[in-house]
Amino acid sequence: MSLLNLVLKSLASRKLITALLILSIGLSSSLLIGVQKIKQSAKQSFSQSISGTDLIVGARSGDIQLLMYSVFRQGQAVANMSWVSVESIRDFPQVDWLVPISLGDSHKGYPVLATTRGYFDHYRYAQKKALSLKQGRVFSSPFEIVLGAELAKTLNYNLGDSLYLSHGVSHGHSHLHKSKFTVVGILASTATPVDKTVHIPLEGMTALHAEDETEFCTHSKLGDQGLRPSSVTACLLGLKSKFSIFSVQRRINDWPDEALMAIIPGVSLARLWSSMRTIDSAFFIITILVTIIAFIGLLLVLFMSLQARQRELAILRTLGAHPSQLFLMLSLESLIITGTGVLLGLGFMSGLGQVLGPILEERLGLILSLSTFSSTELYLALAIIGVGGVTSLIPAALAYRKGKGEGFISL
Amino acid sequence: MSIDALIQIKSLEFSYPNDPGFALNIPSLSIEKSDRVFLEGPSGCGKTSILNLMTGLMLPQAGTIDVLGSDITQLSAVQRDRFRADHFGIIFQLFNLIPYLSVIENIILPCTFSRSKRKKALQRSVPLGDEARRLCQGLDIAEELMQRPVQQLSIGQQQRVAIARALIGQPEIIVADEATSALDDERKSQFMELLIRECDRHQSALIFVSHDRQLKSQFASSYQLSELNTESASVTA
């Protein structure tokens, strides 16, 4: 019989305690790995809210502020940028495409984004994924709208439904615009703020605000010069070459006619994310503490079992076991417990991922890849097993010392 | 100095570092390679210490201990453990067995720690379990008992399993430390009979340590521990 066999039989004789230990280490390791995963997924979902856009241009303010309202529809712009500037920037030789966006209105608390058809062609999220329509088509006249997936689902809108927009961003009954909009398209889910956005043509918004002032309402076709906006909130910019990003950015920042700024979305997203690092590390510390508690439990049980097994160890010693073999047995024991615990934790996580993954993606827009494990998680798992091994050294060393002094058991 | 000496102790001095009240001082002790030796002594006279020293579990401060011709005080800790595993079979007073192993597994356990015992056991029967069964048959351990968890065995049955474990792999020396003290008189004589018979059959020498003088008659030679120890006056209980 090998020592490993002996250890396994010994563990099997203490089924309940062993099972509870494995469970506690399993749960804490799945917590540790799970928090890492959620953090990663959140970061990923967050930083992939916009991609493929080289610069975002808006009135001069903070870069985070511009990012927040242009991408996340949070907060408000301090000022708009004039249409004249938009057209001048569009004429830069380095600019490939330009999509103006106008914010400020809302529908039942959901933000309204006025833009051009180019938005649907050029907006990218995640790994350069384009927006796609689940139903219907892109708007083609001023009073047509395209809804984000989540919004359409929550408010139960279908193609052909008509709705009114309200002025300003408010959840209450604020001033409603008079014109009626018709749903012509519903976008597929993207797990970005796009899902919660009402998209209308820029001309539609111009008309809304014109009618508010003049009581004038006209259902003209797109491209009508009369519905050209005087200003927009921001522009998304795509360049012909990535190498010109900084020169274009500098040129816009130094714009003489108006106080403008251009930001690189990826850079500002990273800055925003790092400002949330404290929450991030708080989470991590909590899970580390949970894991430490699990290991204190392990240590406690190992000590108790050492106490209860003094006689057993003494018998092994008189049969010729060297103290180092006793040491090996105890380390092996806790290594088996921690190893099994971590495996259980990983299994638990991927099982949970199967069940919770789709729900989280649907509700929170979190794309959790719980069933696959990255190298970080594997390192974390190995680290837990390593800590388990180190923890076991304490009772194992005690067993070794006891073994050295252990003689005959004579009563 | 006899070449046939089983164990030869010379000018041995031993005391526990944390117990200054106890000291063992044996100028000379020679146990012949005859067959059965009775070491007699009341509890507290240093029986356990002598056994620890003979089997290499502890080292004396001074003196030599020759076992089967080699001075075990000159061996390293690992060598002493291997020496004990290879040449000794040990029976205690009580609770000899590992509770989570079956009878058979308990019997073959010494072969885990001694390659020579394993080899010798396998020379007799393959696999090791069969050798354990063969030993059990000699000790009247019923087949049905062999599969049971050891806690379900009576003390008498447990002690018989302990004999089987001591005998496996034919060690040269069987040491029994107060092995009968938990048994009633009837069981005691049965146990002694079996132990001596099996030791003879397997050609193992038997060193039987006890305070029970009644058993002395069954042994060819006997030693009085309290007489051997010149420091016995200072022995504390």
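Here, each number is a calculation from the coordinates, and none is a lab measurement. The structure presented is a predicted model; accordingly, all values stated were derived computationally and were not measured. Backbone-built Cβ (ideal geometry, glycine too); neighbour counts: all protein chains shown.
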5 angstrom amide H check on A:Ser231, placed H, neighbours 5+ away: A:Trp83
Average Cα contact separation per residue, segment B:110-206, under 8 Å, 6 or more apart, as relative contact order %: 30 percent
Per residue convex hull volume, Cα atoms of segment A:55-263, in Å³: 120 Å³
Rg/Rh (Cα only; Kirkwood hydrodynamic radius) as it applies to segment B:68-147: 1.02
Segment A:94-161 versus segment A:56-85: alpha-carbon centroid distance in Å: 18 Å
Share, in percent, of DSSP beta bridges within the protein assembly as shown that are antiparallel, nearest 5: 65 percent
Two-decimal Rg to Rh for chain A - Kirkwood Rh, Cα set: 1.22
Ratio Rg/Rh, restricted to chain B and using Cα atoms, in which Rh is the Kirkwood radius: 0.96
Links that overshoot a 24 Å alpha carbon limit, given the list B:Lys10/B:Lys33; A:Lys108/A:Lys153; A:Lys39/A:Lys108: A:Lys39/A:Lys108
Over segment A:226-328, volume per residue of the alpha carbon convex hull, in Å³: 248 Å³
Packing-based exposure ordering (other Cβ within 10 Å, fewest first) of B:Ile9, A:Ile17, A:Ile245: A:Ile17, A:Ile245, B:Ile9
Number of partner chain Cβ atoms within 10 Å, mean per residue of A:10-22: 1
Helix-derived mean residue ellipticity, 222 nm - over the protein assembly as shown, DSSP H n ≥ 4, -39500 (n - 2.57), to 500: -15000 deg cm²/dmol
Surface/4 of the Cα convex hull for segment B:164-227, nm²: 4.6 nm²
Cα→Cβ-extended label distance, 7 Å offset, between B:Ala77 and B:Ser189, nm: 4.7 nm
Phi-based couplings in Hz for segment A:288-304 (Karplus 6.51, -1.76, 1.60; Gly and Pro marked x): 5, 4, 4, 5, 4, 4, 4, 6, 5, x, 4, 4, 4, 5, 5, 4, 4
Relative packing of A:192-201, A:272-281, B:177-186, which averages over residues the other C-beta atoms within 10 Å, highest first: A:192-201, B:177-186, A:272-281
Taking segment B:100-152 and dividing mean pair separation by its residue count, relative contact order in percent (alpha carbons under 8 Å, at least six apart): 52 percent
Estimated FRET transfer efficiency when R0 is 22 angstrom, pair B:Lys10-B:Glu227 (beta carbons, to 0.05): 0.85
Cα shape, segment A:89-138, gyration tensor, a/c 1.5 rule: oblate
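Would you mind giving the mean number of other chain beta-carbons within 10 Å of the Cβ of each residue in A:32-42, as a whole number? Please report the intermediate quantities before stating the final value.
Working: counts 0, 0, 0, 0, 0, 0, 0, 0, 0, 0, 0.
Per-residue shielding by partner chains comes out at 0.
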Other protein chain Cβ atoms within 10 Å, averaged over every residue that makes up B:109-118: 4
Normalised contact order of chain A, rounded percent, pairs of Cα under 8 Å and 6 or more residues apart: 26 percent
